[in-house]
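The next block holds one structure in the form of structure tokens; read it before the comments.
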Amino acid sequence: MKTIRIIACLSLAFAASSAFAADKVCKVDIAGTDMMSFDKKEISVAADCTEVEVTLKHAGKLAANQMGHNWVLAKTADLSAIASEGMGAGLPNDYLKKGDTRVIAHTKIIGGGQTATVKFPTSALKKGEAYSFFCSFPGHSTMMKGAFKFG
Ligand SMILES: [Cu+2]
């Protein structure tokens with residue numbers, strides 16, 4: 001009888017520990033330049049990441065109102081609509097239409113020497129969907145974009 005009770009306790013302990021083992025924050029670093037470019041053309045996030053933390057660094061010197069950059073994540077199919085509708089939103093709104101639900105995650109617009117971070121859960125992403133990251137500063141998304149792969 002005693003043995004059975006010990007086994008029952010052990011299996012309960014295992015069940016509890018595996019429930020907490022799932023959290024995994026995956027970090028991504030990307031830089032923007034004064035030449036209207038990102039230093040990465042593609043970002044891949046593994047399927048076992050539960051959260052993604054993206055840190056954008058502006059490695060240039062130009063101010064946010066001249067050569068500002070942000071990092072925006074959306075379905076590739078939504079990119080051009082988000083970028084064109086965001087142009088009129090202005091710098092205080094990070095050149096994104098207020099409450100745009102097509103935006104999955106984004107940092108604020110930053111200027112030379114600054115850094116911005118955004119963290120989001122991968123539960124917002126679907127495996128097999130085509131995602132892109134881009135900068136929504138007016139005119140930048142044609143140059144400043146890349147593929148975002150999950151899974
Ligand atoms: Cu930009």
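The values are calculated or read from the model by the stated rules, or taken from the named source; none is laboratory data. Since this is a predicted model, take the numbers as computed values, not measurements. Cβ: placed from backbone, ideal geometry, glycine included. Neighbour counts: every protein chain shown.
Could you check the stretch 140-151 and list, in sequence order, the residues that are in contact (Cβ under 8 Å) with a residue 12 or more places away in the chain and closer than 22 Å to Asp94 by Cα? Reasoning before the result, please.
Here is the first cut: in the stretch 140-151, the residues in contact (Cβ under 8 Å) with a residue 12 or more places away in the chain are 140-141, 143-151.
Result: His140, Ser141, Met143, Met144, Lys145, Gly146, Ala147, Phe148.
State whether the residues of the stretch 43-60 include one that is among the small types (Gly, Ala, Ser), in contact with a Gly (Cβ under 6 Å, 6 or more places away or on another chain), at pLDDT 95 or above and closer than 14 Å to Gly113 by Cα. Within the stretch 43-60, one or more residues are among the small types (Gly, Ala, Ser), in contact with a Gly (Cβ under 6 Å, 6 or more places away or on another chain), at pLDDT 95 or above and closer than 14 Å to Gly113 by Cα.
Being away from the ligand (no atom under 11 Å from the Cβ) and either under 12 Å from His69 (Cα atoms) or in contact with a Leu (Cβ under 9 Å, 6 or more places away or on another chain) (or both) is the filter here; which residues of the stretch 137-151 pass it?
Applying the first criterion (away from the ligand (no atom under 11 Å from the Cβ)) to the stretch 137-151 yields 146-151.
Those that are away from the ligand (no atom under 11 Å from the Cβ) and either under 12 Å from His69 (Cα atoms) or in contact with a Leu (Cβ under 9 Å, 6 or more places away or on another chain) (or both): Phe148, Phe150, Gly151.
Residues in the stretch 60-92 that are within 14 Å of the ligand (Cβ to nearest atom), outside any helix (DSSP H, G or I) and surrounded by 19 or more Cβ atoms within 10 Å (Cβ to Cβ): 6 in all. Within the stretch 93-105, can one find any residue that is over 30 Å from Ala22 (Cα atoms), within 12 Å of the ligand (Cβ to nearest atom), outside any strand (DSSP E or B) and out of contact with any Asp or Glu (no Cβ under 9 Å at 6 or more places or on another chain)? For the stretch 93-105, residues over 30 Å from Ala22 (Cα atoms), within 12 Å of the ligand (Cβ to nearest atom), outside any strand (DSSP E or B) and out of contact with any Asp or Glu (no Cβ under 9 Å at 6 or more places or on another chain): present.
So, of the residues in the stretch 118-136 that are touching a helix residue (DSSP H, G or I) at 6+ places or on another chain (Cβ under 8 Å) and either free of Cβ contacts under 8 Å to residues at least 12 places away in the same chain or assigned to a loop (DSSP other than H, G, I, E, B) (or both), which turns out to be nearest to the ligand (Cβ to nearest atom)? I'd like the intermediate steps shown before the answer.
Step one: filter the stretch 118-136 for residues touching a helix residue (DSSP H, G or I) at 6+ places or on another chain (Cβ under 8 Å), giving 130-132, 134, 136.
Checking which are either free of Cβ contacts under 8 Å to residues at least 12 places away in the same chain or assigned to a loop (DSSP other than H, G, I, E, B) (or both) leaves us with 130, 136.
Values: Ala130: 21, Ser136: 8 Å.
Looking at residues that are touching a helix residue (DSSP H, G or I) at 6+ places or on another chain (Cβ under 8 Å) and either free of Cβ contacts under 8 Å to residues at least 12 places away in the same chain or assigned to a loop (DSSP other than H, G, I, E, B) (or both), I get Ser136.
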